Structure formats: structure tokens, C-alpha cells
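Data first, discussion second: the structure below is written as C-alpha cells.
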Amino acid sequence: MTSLTEETLTRLNADVSLPRYDRRDVTTGIVHLGVGNFHRSHQAMYIDTLMNRGAALNWGICGIGLQPSNVAMRDALAAQDGLYTLVIRHSDGTWDARVIGSIVEYLFAPDDPEAAIEKMAAPATRIVSLTVTEGGYNLDAVTGEFNPADESVMADLRPGAVPRTVFGLVTEALARRRARGIPAFTILSCDNIQGNGHVSRRAFTAFARLRDPELADWMTRQVRFPNCMVDRITPKTTGEDRAELYRRFGLDDQWPVLCEPFTQWVLEDDFTDGRPPLEDAGVQIVPDVEPYERMKLRLLNASHQALCHPGRLVGYRFVHEVTTDPLFARFLLDYMTAEAIPTLRPVPGVDLLGYANQLIERFSNPEVRDTVARLCANASDCIPKFLLPVIRDQLAVGGPVTRSAAVVAAWARDAEGTDENGEPHELDDDLAPQLQAAARRQREHLTAFLDDNRTVFGELADDSRFTGVYGSILTSLLERGVRRTFADLDQFAATAKPGPAPPALEALDALDALDVVERKSP
């Protein structure tokens, strides 16, 4: 057995790809908050790719952990000198193993907030990137505004407080840079949120304004918040994964990352103080990320919700089991082609139907072994961001919402906490108690799940065009089960009369109209 460290690199199995650069030459240029499996399979991999080509050696990554749960990552990376194995699992059963060396430091902010702040305040740090989850921006689910009443936020705003939140830490680092005459860094959100750059701008400047309006004004002028779209299916690492890595390669890695072959990063070129040459590693640098991110959120991320809840109800535990079932593969494709794709603008260079079929192929990779439970987690945060916008846009134009309503109804049935075989499952969700309480009322009050969770559903809970279809499908799920209901979904279809376009759709229509004018101009 060979443990993974800097010292043992030369003794690893010859089939494991190693860093082709001297890590002693790497200096930190990026601080990343929230190092998890996805960051290590994605952004850190792109930086490592550049370093293997002799570039970007001044763009090494310092990871910063924020939560108590990050202690395990701190310890694993410390024991391995920041190294870890990235394994690409192909559908034919082959594995490609590669050691990633781009993370050269790791700080655990609760241990030493001052060290984390000073790392971000250092002139060499030019990008602070984030994967703090979709719910980590402290925004109200209905209004989209920053929530100043959050207890941790209020604690960080008290005079003399030691910052603990991501907002407090980052803002303090920017305040020090401003006071020292150091240029601001770029804040780069890599979370699955539409307009993640706009969202992070709203959150961080709102916090700064509560602390110091002049600092907030400076941030508005000086800090860049580029939007980006990121994509790579990266499940949680299991003990079985570690054992199989050892069996195949003789490598003992405390926390390897295993993922699918596909990867994509679409990035807006809007940086404060430079960036790595990411286009040389395959990143798509574009002037407008919005068409790509809307495509990904409404097709890939919403499809995750479309398969995990009905899949868990019938007893499936792995994603590939659901998507290789013809009933659910057909349902997914119908959702994407009939309901989601019509709400999308054209995406440069992308065949949307081809993209939809590619998603089903990716989901069907048995080697990835992504779990249904992982996709079901935090549905109260995911569904409002990924699926409900599709419903709202379709209702605005009188389009179909049957498949989307079926996803919501399956979630409501899933929230009762048992599958159709009577097997219990845990609701891994911040709103789990109220979701489960509402779900257990729905057999007597059909729309209880909508009515009792208005922070999730907003005005949709009162829209009879949606609730009518939803109620019919939920009734069938409760009485006939998932398979019979999904096989007969067309019988629940109803044509909704167009309503007033939501602001987002009106804005898109205006942009489309302007685009037509510009194309006609000489």
C-alpha cells in the first residue's frame, strides 16, 4: 500500500498520472471557499491542467474551510500535502486516475479567522472563488434579497466581532485591501445559481452596506463578479470507492474524487486583476453566460429533481437505475423537450435536443454510481431555482406544465418519508420538519404541501392552472402509484391560458426584440 504524499509520488503505480510541474514553484493566486468534491473535480482540475503545461504556476489554490464539517477535509489534505486522486469513471468500467496538485494550501477559518482574512487580503490573491452551495448566499427564497436578520450575519456585524460567515470574512479582507491601497480581488461564484455572479454581488455588497456604506460603494466600483456555468457530475466519495482505488492502483488516498468523463465550464471574461489562461484548458470564455447557465439549470439540474423523487419512490437507489428504466427515460426526455427547452433562448454552439439526449446518456453511466439520495437532498432549495422557473415561464405563455407538475407532486409524495414499498428514507433538507408535516396532511388536504410551503412556491400555490394539474397527479400517485401515473401523464394535461409574463420573461422578450432590431440595422 502506498499512501499519497509529496514524498511518495514517484513510487505510485505507473498507470496513475502525476503532476508534471514542481509544486515548490507554485504560488497562491486563488483562494477558494468551500473546498468539496466538486471543486476538486472541476476548478482545481482545470488549474492543474494549465500547470501541467507549464502555465499558471502563480495561480495556485489556497482552500478555506468554513463549516465544522470541513474539519475532515482539512485533515485529509494536510496528511497528503494537499494532493488527492481524481478518478474518471468511464461507462465501460475503465478508470483513469490522476493526482491533482493545484491545491497548495488549506486553512480552516474557525481555527484561525485572522489567517484566512490575511490570505485573502494578500496582494498575490487576485481571485476569491466560492462553492458554498445554492443556499449559502443568505437570500430570501421569495424576494431574492439579502436577509439581514440572519443570526450569524447579525453576529458578524456587531462592533469588534471576529468574522465567521463567508460575508464577514470576505468583506473584512476587502476592507483591509482598500485601506492598504491594494487592488480588489475578483469574487467568482461557482455555485449552481442562475446569474451566480449577480447573486454574489447582491449578497456581498448588501452585507458590506450594512457594515460600512462607503466600503460597499468602493466594492461596487472595484470588485468584479463574473457569471459562470459549471458542470461535472461528482458524487460523494464512499469507503467502497477508496477500497476500489487501492485494489486497482495500490494507492491509499483518504479522500479521492470520482466523477464522470464530461466536464464543462463557461465563464464570463470580467476580472478585476487578471485571471489564468483558462481557455487553454478547455474553458469556454464568453461575453454572456446566461444562455448556457439557463440551459444547464433547467435541463440538467431540473432533470436531477425529475428523476430522483419518483425514482426513490419506486425503490431505486442509484441514478443510472432510474435513467435506464424506459418509463423514466421517456419522462425525462419529454420534460426537457416539451416543457424546459421551449423556455430557453438559443445557446451558441449547442444543439439543445442533442444536449438533452446526452444528459440521459450521462445519467445512465453505471460506473459513476451517483445516488438518488444525493440528488434528493436540499430539494427545497433546488426545485425553486431549477424547476419552478420553467413552470412560471410556461404558465405565462399558456404552455404545458404536466411533467413539471409531476415532479413537484412526486416530491410531495416523497416527502412523506417512505417509498412505495414501505421503506423509510431520511429527508436531507433544511426545511425537512415542515416539508414532512405538510406532506402528511396532503391525504386529507390535497394542496397542503403547496399551501404550507409558500416560501418555496410563492404565488404558484394560488395559481389554479398549476394546482389543478398538480392535484390530479398527486391524487393518482397516492392512489395508483408512480408507474401507472407516469405511464398515463398525458391524461392530466391541461392547456393553461397565458398569464402576465414574469419580469424575467419580459426582460428576455425585450432583449430578443432588441436583438431583432440590431440584426436588421445596416
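Here are the numbers:
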read-out	value
Projected-area mean, the chain, by convex hull of Cα positions, square nanometres	25.6
Carbon plus sulfur fraction of accessible area for segment 389-474, probe 1.4 Å, in percent	47
Tilt relative to the chain, helix 503-520 - C-alpha long axis, 0 to 90 degrees, to 10	80
Whole-Å distance, taken between Cα centres, linking segment 239-298 and segment 403-472	33
Around F262: net Lys/Arg minus Asp/Glu count, Cβ-Cβ under 9 Å	0
Table column - 3J(HN,Hα) (Hz), segment 203-212, Karplus curve with 6.51, -1.76, 1.60, x for Gly and Pro	5, 6, 6, 5, 4, 4, 5, 5, 7, 7
Stretchable slack from D150 to R247, in nm (0.36 nm times residue separation minus alpha-carbon distance)	30.2 nm
Net +/- balance of residues flanking F328 in space, Cβ distance below 12 Å, scoring K and R +1, D and E -1	+1
Global geometry of segment 207-250, whether rounded, prolate or oblate, following the gyration tensor of its Cα atoms and the 1.5 cut on a/c	prolate
Relative packing of 50-62, 5-17, which averages over residues the other C-beta atoms within 10 Å, highest first	50-62, 5-17
Amide proton proximity set for T324, modelled H, under 5 Å, gap of 5+	none
S3 long-range amide H proximity, modeled H, under 5 Å	D252
Distant-in-sequence amide H partners of T186 (H built 1.01 Å from N, under 5 Å)	I127, V128, T272, D273
Per residue, in Å², the accessible surface of the chain once ligands and nucleic acids are set aside, probe 1.4 Å	41
The chain: antiparallel DSSP beta bridges as a percent of all, rounded to 5	30
Over the chain: helical MRE at 222 nm, DSSP H runs n ≥ 4 each giving -39500 (n - 2.57), nearest 500	-12500 deg cm²/dmol
Cα centroid separation - segment 133-172 against segment 5-43, whole Å	32
Count, lysine Cα pairs under 28 Å in the chain, 8 or more residues apart or across chains	5
Reduced Cα scattering model of segment 272-385, Debye log10 I(q)/I(0), q = 0.15, 0.17 Å⁻¹	-0.72, -0.88
Cα gyration tensor, segment 213-325 - rounded (a/c under 1.5), prolate or oblate	prolate
Label-point separation, T10 to D270 (7 Å along Cα→Cβ), nm	4.8
Cα shape, segment 218-276, gyration tensor, a/c 1.5 rule	prolate
Base-10 log of normalised Debye intensity for segment 155-200 (one unit scatterer per alpha-carbon) at q = 0.15 Å⁻¹	-0.50
3J(HN,Hα) from dihedral phi, segment 465-473, Karplus parametrisation 6.51/-1.76/1.60, rounded to Hz, x for glycine, proline	5, 7, 5, x, 5, 4, x, 5, 5
Percent carbon-and-sulfur accessible area, segment 184-251, ignoring ligands, DNA and RNA, probe 1.4 Å	46
Estimated vicinal HN-Hα couplings, Hz - segment 440-449 in sequence order (Karplus 6.51, -1.76, 1.60; Gly, Pro = x)	7, 9, 6, 6, 9, 10, 4, 9, 4, 5
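The values are calculated or read from the model by the stated rules, or taken from the named source; none is laboratory data. All figures in this text were calculated on a predicted structure; none of them were measured in a lab. Glycine also receives a Cβ, built like all others from the backbone with ideal geometry; neighbour counts cover every protein chain displayed. Protein only, heavy atoms only, side chains kept; ligands, DNA and RNA dropped before computing areas. Shrake-Rupley method; radii C 1.70, N 1.55, O 1.52, S 1.80 Å.
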